[in-house]
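Shown next, in structure tokens, is the structure this report addresses.
The values are calculated or read from the model by the stated rules, or taken from the named source; none is laboratory data. Keep in mind that what you see is a predicted model, and the values were worked out from it rather than measured. Glycine gets a Cβ as well: all are built from the backbone with ideal geometry, and neighbour counts include every protein chain shown. Note: accessible area is taken over every heavy atom of the protein model, side chains too, but ligands, DNA and RNA are not part of it. Shrake-Rupley method; radii C 1.70, N 1.55, O 1.52, S 1.80 Å.
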Amino acid sequence: MKIYLATGNAHKKQEMQAILSKHTIVIPSDEGIEFDPIEDGSSFYENSMIKAKSLYEIVKCPVIADDSGICVDALNGIPGIYSSRYCGPDFPQGRPDGSVISQQDKNTLLINQLNAVLSLGKVNTCSFRNGPRSAHYTCSMVMYCGTDRFFSAQETMEGKLVERIEDAAGTGGFGYDPVFFLPEFNKTAAEISAEQKNKISHRGKAARALLKIID
């Protein structure tokens, strides 16, 4: 089955094609479709629905959309849905002028922000799954098949942030993966193979939940 994926991110297409291997995954740019919806939802789920509905209105075929980001427990979930726009503690939801910074700078600022908060000793980290530096990726994924007909799954990948930007490692993955440490592998998400990541990732788990429905 041909399924449109509401993204311009080639890395996401590769991940989804590997998971939904029996189906053909197409992104808007593959067919010259201009696609840049305004993601102004207040949650991962709302943003995924915005993207899914927007692309469905163009192609009138089944669409999968997801919204994902990294959430740091000691920072009350920052940067969360603003992961791609995050510009440090002064602009956790992005700069007012819309300008962006490099991913390396995002990684550095996020680690520094966490270190600054933890140094104050005011956060109760006892309940965090992976200690004071606990963090998780969240993915909300929707398969939109028409008005009033859709399926949704939301999943996480648990880990923690490295202590220093110098501890960043790996060349795989994308985004915050080089600074997202996975205790079960003793590696960052950027150091494990794509196959390993698909088995445990937030996006992989959400996609497999939808795959059962698709099949």
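Taking other residues whose beta carbon is less than 15 angstrom from the beta carbon of Glu34, and scoring Lys, Arg as +1 and Asp, Glu as -1, yields -3.
Only Cα pairs under 8 Å and at least 6 apart count here; give the relative contact order of the range 141-207 as a rounded whole percent.
Answer for the range 141-207 is 31 percent.
For the range 1-103, relative contact order (Cα pairs under 8 Å, six or more residues apart, normalised by length) works out to 20 percent.
Which of rounded, prolate, oblate describes the range 126-215, given a ≥ b ≥ c as roots of the alpha-carbon gyration tensor eigenvalues and a/c under 1.5 marking rounded, otherwise prolate only if a/b is larger than b/c? Please report the intermediate quantities before stating the final value.
On the way: a/c = 2.70, a/b = 1.97, b/c = 1.37.
Verdict is prolate for the range 126-215.
Of the GluC sites (Glu not before Pro) in the range 109-215, the ones in a loop by DSSP (not H, G, I, E or B) with at most 16 other beta carbons within 10 Å are Glu163, Glu184.
Seen against the Cα atoms of the chain and their longest principal axis, helix 44-59 is set at about 30 degrees. Between Asn112 and Thr156, the FRET efficiency estimated from the beta carbon spacing at R0 = 25 angstrom works out to 0.55. Scanning the chain for trypsin sites (Lys or Arg not before Pro) that sit in a DSSP loop and have at most 15 other Cβ atoms within 10 Å, the longest stretch containing none of them is 61-121.
Helix 10-19 and the longest principal axis of the C-alpha atoms of the chain enclose an angle of approximately 70°. When both bridge partners sit in the range 1-142, DSSP labels roughly 65% of those beta bridges antiparallel. Among the listed pairs Lys106/Lys199; Lys22/Lys205; Lys12/Lys53; Lys60/Lys212; Lys122/Lys197; Lys22/Lys160, those with a Cα-Cα distance over 28 Å are Lys122/Lys197; Lys22/Lys160. Springs between Cα atoms under 10 Å define the GNM used for the chain, and in it the highest mean-square fluctuation of Ala169, Ala116, Ala190 occurs at Ala116.
Where the accessible area of the range 50-174 is counted over protein heavy atoms with a 1.4 Å probe, how much of it, in %, is carbon and sulfur?
That share works out to 48 percent.
Please give the per residue accessible area of the range 1-69, computed with a probe of 1.4 Å over protein heavy atoms only, in Å². Please list the in-between numbers first.
On the way: 3370 Å² over 69 residues.
So the range 1-69 comes to 49 Å² accessible per residue, rounded to a whole number.
Report the net charge of residues surrounding Pro132, where surrounding means a beta-carbon distance below 13 angstrom and charges are Lys +1, Arg +1, Asp -1, Glu -1. Result for the neighbourhood of Pro132: +2.
Please compute the per residue accessible area over the range 85-215 with all protein chains in place, 1.4 Å probe, rounded to a whole number of Å².
Numbers: 6830 Å² over 131 residues.
That works out to 52 Å² for each residue.
Under the 0.36 nm per residue contour assumption, what length would be gained going from the current alpha-carbon distance of Thr125 and Thr24 to full extension? Full extension from Thr125 to Thr24 adds 32.0 nm.
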